[in-house]
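Data block below; observations after.
Values in this text are rule-based calculations from the coordinates and carry no lab data. Keep in mind it's a predicted model, so treat the numbers as computed, not measured. Methodologically, a virtual Cβ is constructed for each residue, glycine included, from the backbone with ideal geometry; neighbour enumeration extends over all protein chains shown.
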Amino acid sequence: MRRLPLVPVVGNGRYRMQPVSVFDVAACFSLCLGKARAAGRVYEIGGPEALSYNELIDVICRVMGKKRAKVHIPVALVRPVAWLSERLMPKPLLTVDQLNMLLGDNVCNIAAMRDELGVEPIGFAEGLREIIAGG
């Protein structure tokens, strides 16, 4: 997004994700090590907000101070490219499984993360600002 004037988006871009800071993930792991009741439990770990892919791109552009247009590419055009990529390339650009995961909502319930582990996740924009400022 730093160099290209257009950002490709597969499909309608309304599929949602819940980006989480690696520091929040590390905090959750660390806190679980110190809690006997965490043994055997599964904690859903995610950021505080679920964003559509379109919103994710908007936030990244805003934080970077860039204006970028989104170009929506029909899934019907991307799927054969992913299929060919995984069959013809030793390190595919995109696989069919990755495409399927992208198009499905990837969100979770972080109530136990907050209530039992005491981790209040950092927002996507704030975490991105920290990464950009540090790098």
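Remarks
A quick yes/no check of all residues on (1) more than 20 Å from the chain's Cα centre (by Cα); (2) over 30 Å from A36 (Cα atoms); (3) buried (at least 16 other Cβ atoms within 10 Å of the Cβ); (4) of a type outside the set (D, E):
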residue	(1), (2), (3), (4)
P48	no, no, yes, yes
Y53	no, yes, yes, yes
L56	no, yes, yes, yes
R62	no, yes, no, yes
K91	yes, yes, no, yes
L117	yes, no, yes, yes
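- From the options L103, L77, residue that is surrounded by fewer than 11 Cβ atoms within 10 Å (Cβ to Cβ) and of a type in the set (A, V, I, L, M, F, W, C): L77
- Scanning the stretch 86-122 for residues that are touching a residue at least 24 places away in the same chain (Cβ under 8 Å) and touching a helix residue (DSSP H, G or I) at 6+ places or on another chain (Cβ under 9 Å) gives L99, L102, L103, M113, E116, L117, G118, V119, E120, P121, I122.
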